[in-house]
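Right, one structure below, let's go through it.
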Amino acid sequence: MTSDANRWDEVGDGVFVRRYEPVDVSVGAIVGPTGVTVIDTRNNPEEGDEILRDVVERFRKPVVAAINTHAHYDHTFGNERFAAHGVGIYGHVLIPRHFEQHEAPRLAAVQADPTREPDKHWAGVHLTPPTILVDAPLTIDPGERMIELLPIEAGHTDTDLAVHVPDAGVWFLGDVLEESGPPMFGSGSFPLEWPAALRSVLGRVGEEDVIVPGHGAPVDRAFGERQAGQLEAVAEFVRRAHASGETADAARVPEELLAVWPEAQLRSALRAGFATL
Ligand SMILES: [Zn+2]
């Protein structure tokens, strides 16, 4: 990693983001008077350790909490290193179930045969769910800094948790919205419910607030509204295809959606949507 990539951007007063490869995942650092809360833990224990080192080096304060924005591997597979240091990990109450249904079988398959996904480097991963499960809005103050946790309705997954730092006007929304590419369908997504889930959380976001997506540069509420509109177009397409009796593999995909999403992603949305219709 080059030295200019090696940096934290301050997106609100005392709230920082650093974009890490692989998968350009955004990791947050909420700096309080007595400690730092980390948002998301990356893709394996080594990457989790790198965050812990980088945070202490940059902020010279202990890591006092971690928060998972949702269950997917690129946001949770570093959890075990935080747990090993006695750091409490907050996450949505349904993460353990999502792990069982999606991340655990995929991890086991890759650990048995790493050639299935050679880019993952999961040999040393032990699936570690959050230690503090959140099933309703919750206000916490790790490091003596107030943070609100808000479970989001099912959308990107059914484990999405919004993280709000009220005194800085900053939101971390995980992959409920993305900036560096289109939001991803698959591994437990809810394409029909997603637009309303996103709109509902955006209803709480101020016009001047900063939203940190799971992947890509920080955005504002207007960006989120536009992405909700694109997600609505997908939900509408899935409903229409279902109503006209098409199959997920054969349904003709509209050009305007192909301009935003790769076809495989839209087929994945069709399969997930059909499963609930
Ligand atoms: Zn992600």
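The values are calculated or read from the model by the stated rules, or taken from the named source; none is laboratory data. Note that the coordinates shown come from a computational prediction; the quantities given were computed from them, not determined experimentally. Cβ atoms come from the backbone with ideal geometry, glycine included; neighbour counts cover every protein chain shown. Only protein heavy atoms, including side chains, enter the accessible area calculation; ligands, DNA and RNA are left aside. Shrake-Rupley method; radii C 1.70, N 1.55, O 1.52, S 1.80 Å.
Descriptive notes on the structure:
- Mean separation of Cα contacts under 8 Å, 6 or more apart, over the residue count of the chain: relative contact order %: 15 percent
- Average accessible surface for the chain: 43 Å² per residue, computed with a 1.4 Å probe over protein heavy atoms with every protein chain in place.
- Cβ-based net charge around residue 85, under 13 Å, with every Lys or Arg adding one and every Asp or Glu removing one: 0
- Computed about its Cα centre, the charge dipole of the chain is approximately 400 debye, with only Lys, Arg, Asp and Glu carrying charge at their Cβ.
- The antiparallel fraction among DSSP beta bridges confined to region 9-226 stands at about 65%.
- Rolled with a 1.4 Å probe across the full set of protein chains, the surface gives residue 53 an accessible area near 150 Å².
- Sites residue 275 and residue 101 - FRET efficiency at Förster radius 22 Å, r taken between beta-carbons, to 0.05: 0.95
- Beta bridges from DSSP with both residues in region 1-136: antiparallel share about 60 percent, rounded to the nearest 5.
- Dipole magnitude of region 77-165 about its Cα centre (Cβ charges: Lys, Arg +1; Asp, Glu -1), debye to nearest 20: 260 debye
- By the helix-only formula, in which each DSSP H run with n ≥ 4 contributes -39500 (n - 2.57) and the sum is divided by residues, the chain has a 222 nm mean residue ellipticity of -9500 deg cm²/dmol.
- Under the shape rule built on the C-alpha gyration tensor, where the axes satisfy a ≥ b ≥ c, the chain is prolate, since a/c reaches at least 1.5 and a/b is greater than b/c.
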